Amino acid sequence: MTQAVQGFDTLKVRAGYNSHDHNYAVAVPIYQTASYDLGSAERAERLLGLEEAGAIYTRIGNPTVSVLEQRIASLDKGTGAIALASGMAAISYTMFNLTANGGRILTTPRIYGGAFDSFKRLFPSLGVEFDFVENSDDPEAFLQALRPDTKGIFIESISNPKAAIVDIEKIAKIAHDHDIPLIVDNTFGTPYLLNAFDHGADIIIYSATKLLGGHGTTLGGLIVENGKFNWANGKFSQFEATQYILRNQKTGQPRNILDVFPQIPFTSRIRFNYLNYLGAALSPFDAFLLLQGIETLSERITKKIATTKKIVEYLENHEKVSWVSHPEAKDSPYQDLAAKYFPKGTGSIFSFGFKGSQEEIRKFINAVTIFSYHANVGDARSLIINSPKNTHGELTPQEQLFAEITPDLIRLSIGLEDANDLIADLDQAFKKAFNN
Ligand SMILES: *Cc1c(COP(=O)(O)O)cnc(C)c1O
C-alpha cells in the first residue's frame, strides 16, 4: 500500500491491514491464540534469530495487536509503535526505557493524576526520580529545571483536567539542545487533532482507553516513535549495549537494539525487555475493539468539538460558573497556542469552576440525569466528575494546589449525545443544586 500519500480518514480504517494476508477477511480477525506453530526447525531458527518477522508468543506480539500498532504508527506518521494493556503501562515502560542506565525525568504537575502519583510515590522507590516545573506555560522553566542526568521531558499535549496547552515546539527545542527526547502524552489530542511528531516530539504516548477506543469498553496503551532521535549520542548507553537475545544466531556476533532495529529502537527495546519480562500485553480482542474505535475517530471528535463549543458558551454565561478552562473560552490564555497547534479544535475534555458550596456541588452532581458520574474520559457518553475528590483524589491538598486542581473544579468530558439535551441536563441540575 502507498500509505504515505493517503489521507487520515483512509488510514484510520485501512492502514496496517491487507486482507490478502488474512484469508481475505474484510474485518481484522481476532487471533485468539497464546502461541504460534513455529512451522519447522529452520523457520524457528529464522524467527528466533530475528531474520524473519513473525508471531511467536502473544505476550510479545500478535497479528491483531500488530495491525493496531501499524495503524497508529501510520496515523502519526511514525516508524513503529507498541501496544500495551493500558495507558499507565505505556507511560511506565517509557520511563523505564529512558532511565535504564539511571537518570531522571522532567515533567509538570499538569498531567494525569495516576501518572503524577506514580512519579511521586512509586518510581523513586525503583530508582527513577522526577522533577516538576512549576509553570508549564513558561518554556524557560523547563530549561532551568534540566539537570545533567535528565533523560527526557514528559508533557501532555492538552492537559487533564484543565485543558492547558504547552508550547510543544519550544520545549522540543530545549530537549534537543540537550540531547534528550521529548515525550508527549497525546491522549486528549489524538492523532486527529495533533501530530506531535510534526512539532518535535520524539515519542508519543496514548491511553487508547479514552478517545481512540472511544466507547468506554476497553483499556489499552500505545507508544509511537518516528526513528529520528539519536539514541547513540552518549546519554543512553542501554541502547548501545549488546544483548544476548539480539545476537546474530549464525555467527554469534553480539548486537544491540540499534543494530537490529535502526528505525524502531525505542519500541523494540520496550518489546524485548519490559513487555517481554513485565508482561502488560494487550489482548487480541481488546486490540480489535480499539481498532473499531479508531475507524470513527475523526467523525466522533468532530461532533464532540462542535458540542463542546456550545457547552463552553453556555457555561461561560451561567451565573453559577466562576471560570471555564477550555481554549475556546473567551478569556483563555491558550487561544494563540490552540490556534497554532490545534486548528481543528482542542477537544472535548475540560473543567469549570462551580460557584457554590461543596454541598451544592454534591447536589449538582446528584441531579444530572444524562451525564454519567464516572472517570473514563473520551467515552461516547458524556461524563461529569468532581476531580479534586476523584480523578486527582490521590494528590495531597498541596499537590492539588500545585496542579491547579481547586476544590470548586468540575470536569466534563463531552460525548455523542444531542448538545441541547446535555445543556438542558446541566441547566436543570444547576436549578436543583440551588433549590430554584
Ligand atoms: C487515562 C489516562 C492515562 C492512563 O491510561 P489508562 O489506560 O487508564 O491506564 C494516561 N494519560 C492520560 C492523559 C489519561 O487521560
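Structure above, values below:
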quantity	calculated
Coarse-grained scattering of the chain at q = 0.09, 0.10 Å⁻¹, given as base-10 log I(q)/I(0) from a Debye sum over alpha-carbon atoms	-0.58, -0.71
Difference of contour (0.36 nm per residue) and Cα-Cα distance, Gln6 to Asp131	41.0 nm
The chain: antiparallel DSSP beta bridges as a percent of all, rounded to 5	60
Additional length obtainable on full extension of the chain from Glu52 to Asn23, 0.36 nm per residue less Cα span	8.4 nm
Accessible-area value, Arg121, 1.4 Å probe, nucleic acids and ligands omitted, Å²	110
Nearest-10 value in Å² for the accessible area of Asp185, using the 1.4 Å probe	10
Cα long-axis angle, helix 284-294 against the chain (0 to 90 degrees, to the nearest 10)	50
Among the listed pairs Lys344/Lys432; Lys120/Lys162; Lys120/Lys210, those beyond 31 Å (Cα-Cα)	Lys344/Lys432
For region 374-436: rounded, prolate or oblate by the Cα gyration tensor [a/c cutoff 1.5]	oblate
Residue among Ile349, Ile270, Ile158 with the largest mean-square fluctuation in a Gaussian network model of the chain, springs linking Cα atoms under 10 Å	Ile270
Residue-count net charge about Asp408 - beta-carbon cut-off 11 Å; Lys, Arg +1, Asp, Glu -1	+1
Share antiparallel - DSSP beta bridges, region 298-433, percent rounded to 5	90
Those lysines that a straight Cα-Cα span of less than 19 Å connects to Lys170, excepting residues fewer than 8 apart in one chain	Lys151, Lys228, Lys340
Förster-model FRET efficiency, 51 Å R0, Asp138 and Phe285, C-beta, rounded to 0.05	0.70
Other-chain or far-sequence residues with amide H under 5 Å of Lys151's (modelled H)	Arg104, Ile105, Leu106
Value of relative contact order over region 298-433, rounded to a whole percent, pairs C-alpha under 8 Å and six or more apart	29
Accessible surface ranking that places the most exposed of Trp231, Trp323 first, with a 1.4 angstrom probe	Trp323, Trp231
Heavy atoms of Asp286 accessible to a 1.4 Å probe, total area in Å² rounded to 10	50
Rough spin-label spacing in nm, given labels placed 7 Å along Cα→Cβ, for Ser357 and Gln243	5.8
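The values are calculated or read from the model by the stated rules, or taken from the named source; none is laboratory data. Keep in mind the model is a prediction, meaning the values are calculated, not measured. Ideal geometry is used to build each Cβ from the backbone, glycine not excepted, and the neighbour counts take in all protein chains shown. Quick note on the areas: whole protein, heavy atoms, side chains included, nothing else; ligands and nucleic acids left out. Shrake-Rupley method; radii C 1.70, N 1.55, O 1.52, S 1.80 Å.
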